[in-house]
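Chemist: Sharing a structure below in structure tokens format, with a few things to ask.
The values are calculated or read from the model by the stated rules, or taken from the named source; none is laboratory data. Keep in mind that what you see is a predicted model, and the values were worked out from it rather than measured. A quick note on method: Cβ atoms are made from the backbone with ideal geometry, for glycine too, and the neighbour counts reach across all protein chains shown. When the accessible area is computed, the model is the full protein with side chains, heavy atoms only, and any ligands, DNA or RNA have been set aside. Shrake-Rupley method; radii C 1.70, N 1.55, O 1.52, S 1.80 Å.
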Amino acid sequence: MLSIEDERRIVATVLRYATAIDGRDWPLFRSCFATAFRGDYGQFGSRWYSGDEIAAWLEEAHRQIGVTMHRMSNIVVTGSGITATERTYGDVVVVGERGPQDPVHTFINIYEGELQKFGAEWKFVRRNMSVLLRDGCPLGGI
């Protein structure tokens, strides 16, 4: 089993991921990932094979949009030793680059990942995202 402190640090990694995107803090975002990382955000057609790749892709993608708000909830963590898994619900709001006059989009996502402990830090070694709803319309499944 994971210690309470390890669970807290894993949840902190999940929340740091969301906070970094919304704050456009790409060094902070990059700190969430191990060098050897695999990611698949299916409906966006994007797969990455390193922490640097996903960070560069998201930085570029967020240059073309306005304010975002990633709210993470129902974070379930399991594991032992230096490996763990997480499953998280994401409720994401995206505003167009011109602000309130642009459309506002909402996404309901499921994130599933594997993390590894490096010293005291937990980092993603794998993370997948599935979009369940976009603007209220079903796109995927649980």
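Chemist: If we keep just the residues of the stretch 82-98 that are at pLDDT below 95 and open to solvent by 50 Å² or more (accessible area, probe 1.4 Å), which is farthest from GLU121 (Cα to Cα)?
Modeler: ARG98
Chemist: State whether the residues of the stretch 3-17 include one that is more than 19 Å from SER130 (Cβ to Cβ), free of Cβ contacts under 8 Å to residues at least 40 places away in the same chain, in a helix (DSSP H, G or I) and of a type in the set (Val, Ile, Thr).
Modeler: Yes, the stretch 3-17 contains at least one residue that is more than 19 Å from SER130 (Cβ to Cβ), free of Cβ contacts under 8 Å to residues at least 40 places away in the same chain, in a helix (DSSP H, G or I) and of a type in the set (Val, Ile, Thr).
Chemist: Here are some conditions: (1) without any contact (Cβ under 8 Å) to a residue 40 or more places away in the chain; (2) closer than 25 Å to PRO103 by Cα; (3) assigned to a strand (DSSP E or B). ARG47 meets all but one. Which one does it not meet?
Modeler: Single failed check for ARG47: (2).
Chemist: If you don't mind, another one. Checking the conditions here, which among VAL76, VAL125 is at pLDDT 95 or above, loosely packed, with under 14 Cβ neighbours inside 10 Å and among the β-branched types (Val, Ile, Thr)?
Modeler: Values: VAL125 fails: loosely packed, with under 14 Cβ neighbours inside 10 Å.
Every option except VAL76 fails the conditions.
Chemist: Restricting to the stretch 42-80, and then to whatever is touching a Phe, Trp or Tyr at 6+ places or on another chain (Cβ under 8 Å) and of a type in the set (S, T, N, Q), can you tell me which residue is farthest from LEU2 (Cα to Cα)?
Modeler: Among those that are touching a Phe, Trp or Tyr at 6+ places or on another chain (Cβ under 8 Å) and of a type in the set (S, T, N, Q), it is SER46.
Chemist: So, one more: Among (1) under 14 Å from the mean Cα position of the chain (by Cα); (2) under 16 Å from VAL125 (Cβ atoms); (3) β-branched (Val, Ile, Thr), which single condition is VAL77 missing?
Modeler: All conditions are met except number (1).
Chemist: I'm trying to understand the selection: among the residues of the stretch 1-32, which are of a type in the set (Ser, Thr, Tyr), within 24 Å of ARG63 (Cβ to Cβ) and open to solvent by less than 40 Å² (accessible area, probe 1.4 Å)?
Modeler: TYR17, SER31
Chemist: Sticking with this one: Which members of the stretch 18-38 meet the condition of being under 17 Å from GLU114 (Cα atoms), modelled with pLDDT of 95 or more and either touching a Phe, Trp or Tyr at 6+ places or on another chain (Cβ under 9 Å) or not in a helix (DSSP H, G or I) (or both)?
Modeler: PHE29, SER31, CYS32, PHE33, ALA34, PHE37, ARG38, listed by residue number.
Chemist: Hey, another quick one. With the checklist (1) modelled with pLDDT of 90 or more; (2) among the small types (Gly, Ala, Ser); (3) surrounded by 13 or more Cβ atoms within 10 Å (Cβ to Cβ) in hand, flag the one item ALA120 doesn't pass.
Modeler: Answer for ALA120: the failing condition is (3).
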